[in-house]
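A.B. asks: Got a structure for you, questions after.
What follows is calculated from the coordinates using simple rules that are stated; it is not laboratory data. Source: prediction; values computed, not measured. In this analysis, Cβ positions are derived from the backbone assuming ideal geometry, glycine residues included, and neighbour counts consider all displayed protein chains.
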Amino acid sequence: MIHLNIGSNLNSFYGSKFDNISIATNLLIEAKIKIIKISNFYETPSYPNRQLPKFLNIGILAECEKNMYDFFKIIKLIEKKIGRIRTKKNDPRVIDLDVIDFNGLINKSHNFALPHPRAHLRNFVLYPILEIDPKWSHPILQKNPQNLINKLSQKSRIEITRLYKNVKINHV
């Protein structure tokens with residue numbers, strides 16, 4: 001199984017942050033990525049500068065016949081299509097697709113790392129995973145999402161809001 005996290009904290013020419021995430025999800029489907037489950041939206045303050053717009057994030061559980069290199073190419077193309085411009089780390093962005101776990105693979109190359117190196121520290125990654133795949137186990141740490149959430153600071157556990165709102169899927 002593949003775990004993805006999709007986030008946005010800027011509107012784009014496609015619309016709102018909600019729209020950006022929904023479009024990214026639909027582009028994954030068009031690319032023949034089989035979506036198993038999608039979390040609700042979660043809202044968090046921007047990090048580290050809380051003066052920047054708040055982030056929306058979702059978690060996706062998916063399957064894919066492609067290898068991880070081809071999968072990463074699809075992710076980067078989707079970001080580009082929606083209008084992501086890579087600037088400084090932690091700058092606001094219209095879309096951000098992060099591969100959290102790709103079939104349990106462990107990879108540390110200069111291009112990308114699997115599992116995502118900071119996934120276990122991020123409330124906006126862990127809460128969506130807890131919602132859609134509570135039995136998931138971090139490939140390196142061998143801990144489930146609830147165990148990892150319990151290790152977060154109290155502040156990190158209370159500054160996230162689950163919005164009972166779902167991604168809009170275009171049914172063909």
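A.B. asks: Please get the size of the charge dipole for the chain, origin at its Cα centre, with Cβ charges of +1 on Lys and Arg and -1 on Asp and Glu, quoted in debye to the nearest 20.
C.D. replies: Here the chain has a charge dipole of around 420 debye.
A.B. asks: Between TYR164 and TYR47, what is the label-to-label distance in nm when each label sits 7 Å out along the Cα-to-Cβ direction?
C.D. replies: 2.7
A.B. asks: Something else about it: Evaluated at 4 °C with a viscosity of 1.567 mPa s, what Stokes-Einstein diffusion coefficient in µm²/s does the chain have when Rh comes from the Kirkwood expression over alpha-carbon pairs?
C.D. replies: For these conditions, the coefficient is 80 µm²/s.
A.B. asks: Okay, next question. Go ahead and estimate [θ] at 222 nm for the chain from helices alone: -39,500 (n - 2.57) per DSSP H run with n ≥ 4, summed, over the residue count, rounded to 500.
C.D. replies: -8500 deg cm²/dmol
A.B. asks: Return the FRET efficiency for the residue pair SER137, TYR69: r is the Cβ-Cβ distance, R0 is 22 Å, and the value is rounded to the nearest 0.05.
C.D. replies: 0.35
A.B. asks: At 15 angstrom or more along the helix axis (alpha-carbon based) and mean Kyte-Doolittle of -0.5 or higher, what helices does the chain contain? Whole DSSP H runs only.
C.D. replies: Span-like helices, by this rule, are 17-30, 68-82.
A.B. asks: Quote the charge dipole size of region 93-172 about the Cα centre in Debye, to the nearest 20; the model charges only the Cβ of Lys and Arg (+1) and of Asp and Glu (-1).
C.D. replies: 220
A.B. asks: I'd like the distance between the alpha-carbon centres of region 17-45 and region 48-102, rounded to an integer number of Å.
C.D. replies: 10
A.B. asks: Same structure, new question: Can you tell me the FRET efficiency between MET1 and ASN40 if r is taken as the Cβ-Cβ distance and R0 is 22 Å, rounded to the nearest 0.05?
C.D. replies: Efficiency computed from Cβ-Cβ geometry: 0.70.
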